[in-house]
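All of the numbers you see were taken from the coordinates with simple rules; none came from a lab. Values in this document were obtained by computation on a predicted structure and should not be read as measured data. Here the Cβ is made from the backbone with ideal geometry for all residues, glycine too, and neighbour counts use every protein chain on show.
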Amino acid sequence: MTEIAPASSTVSGSEGKHGKHGKQSPVDIRPQDVDLSALPPLRFAHPTALDLELHFDDPRIHRTGAGPVQEGRPECVRDDEGTVKATPPPGEECALRVGADRYELVDVHWHTPSEHTVGGVAFPMEQHMKYRRVTGAADAAGREEDSGFAVVGVFVHPGQADDSLDRLLTSARRSAEPWEVPGVALDALLPTCTESYRYLGSTTVCPYTPGVRWILLTHPVQASATALAHYRKVFPQGNARAVQPLGDRRVAGDRHRWW
């Protein structure tokens with residue numbers, strides 16, 4: 001872990017307009033201020049193993065033609081290095097249930113260093129598993145700024161090698177063509193304990209879509225130092241957006257435990 005000031009991350013845009021736009025992500029989580037709640041449990045339903053297709057999300061293709069600035073969103077300018085995204089094959093059930101809501105996996109991608117911080121502490125990497133809600137949306141119209149997306153954030157630090165995660169990270173490249181990593185166990189990308197911090201925020205790249213349901217797992221996973229170093233070599237300047245002000249938003253937690 002690396003000690004940093006809570007709002008000093010160095011990458012990604014519109015830091016000068018925090019107060020105007022609000023409810024943006026990432027944020028600094030302060031465990032002592034988390035509201036303990038009886039939160040609905042996270043129930044994952046992933047195949048034992050599947051072949052993931054990966055591609056380089058090149059920010060250059062998003063820098064023009066982004067359209068007008070929308071109310072409540074920062075200007076859409078991609079000034080980051082991009083990321084690598086892994087997507088499941090069509091037809092594979094990769095699901096997450098949160099209460100009555102059922103979500104399906106859109107992609108898995110990684111930021112280095114971590115975008116969220118905990119008490120001002122950043123991790124070497126943060127993994128995002130982005131899901132789109134497919135059922136349970138009947139009352140969505142009554143939800144505040146609901147985008148239909150939930151993102152499960154997992155902190156990653158160096159330690160014991162994880163076969164699935166290591167192979168994904170060491171495959172990272174800035175390639176115009178997609179590539180495949182076979183036999184990935186999605187459950188191996190998650191810690192065994194799924195206690196979490198939850199809050200309402202936004203996507204962390206253009207167009208900074210609001211109304212994203214963030215679920216940050218309190219327990220990290222490990223990857224080999226070699227795998228982390230390879231990913232950082234692909235994105236040497238880092239591809240994490242700066243920490244945004246939390247404002248008056250509530251961060252809920254299912255248990256107040258930090259390792």
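Tally up the residues in segment 97-117 that are farther than 22 Å from L169 by Cβ and not small (G, A, S), please. Of the residues in segment 97-117, 6 are farther than 22 Å from L169 by Cβ and not small (G, A, S). Might you check whether a residue that is surrounded by fewer than 21 Cβ atoms within 10 Å (Cβ to Cβ), touching a His at 6+ places or on another chain (Cβ under 9 Å) and at negative phi occurs anywhere in segment 129-142? Within segment 129-142, one or more residues are surrounded by fewer than 21 Cβ atoms within 10 Å (Cβ to Cβ), touching a His at 6+ places or on another chain (Cβ under 9 Å) and at negative phi. The set of residues in segment 156-168 being outside any helix (DSSP H, G or I) and either surrounded by 24 or more Cβ atoms within 10 Å (Cβ to Cβ) or without any contact (Cβ under 8 Å) to a residue 40 or more places away in the chain (or both) consists of V156 alone. For beta carbons closer than 9 Å, sequence separation of 6+ or different chains, a first residue in segment 201-220 that is on the phi > 0 side of the Ramachandran plot and a second that is in a strand (DSSP E or B) and surrounded by 22 or more Cβ atoms within 10 Å (Cβ to Cβ), the qualifying pairs are Y208/S202; Y208/R241; G211/G201; G211/S202. For segment 107-119, the set of residues classified as surrounded by fewer than 24 Cβ atoms within 10 Å (Cβ to Cβ) and in contact (Cβ under 8 Å) with a residue 40 or more places away in the chain consists of H109, P113, V118, G119, listed by residue number.
One line per residue, one yes/no per condition, for (1) within 15 Å of the chain's Cα centre (by Cα); (2) without any contact (Cβ under 8 Å) to a residue 40 or more places away in the chain:
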| site | (1), (2) |
| --- | --- |
| W179 | no, no |
| V184 | no, no |
| Y197 | yes, no |
| K233 | no, yes |
| Q237 | no, no |
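Evaluate segment 168-179: report whether one residue or more is touching a Pro at 6+ places or on another chain (Cβ under 7 Å) and charged (D, E, K, R).
Within segment 168-179, none of the residues are touching a Pro at 6+ places or on another chain (Cβ under 7 Å) and charged (D, E, K, R).
Every test in (1) over 19 Å from the mean Cα position of the chain (by Cα); (2) crowded, with 17+ Cβ neighbours inside 10 Å is passed by F149 save one, and that test is (1). Restricting A172, A188 to those that are under 26 Å from T117 (Cβ atoms), in contact with a Phe, Trp or Tyr (Cβ under 7 Å, 6 or more places away or on another chain) and touching a residue at least 12 places away in the same chain (Cβ under 8 Å) reduces the list to A172.
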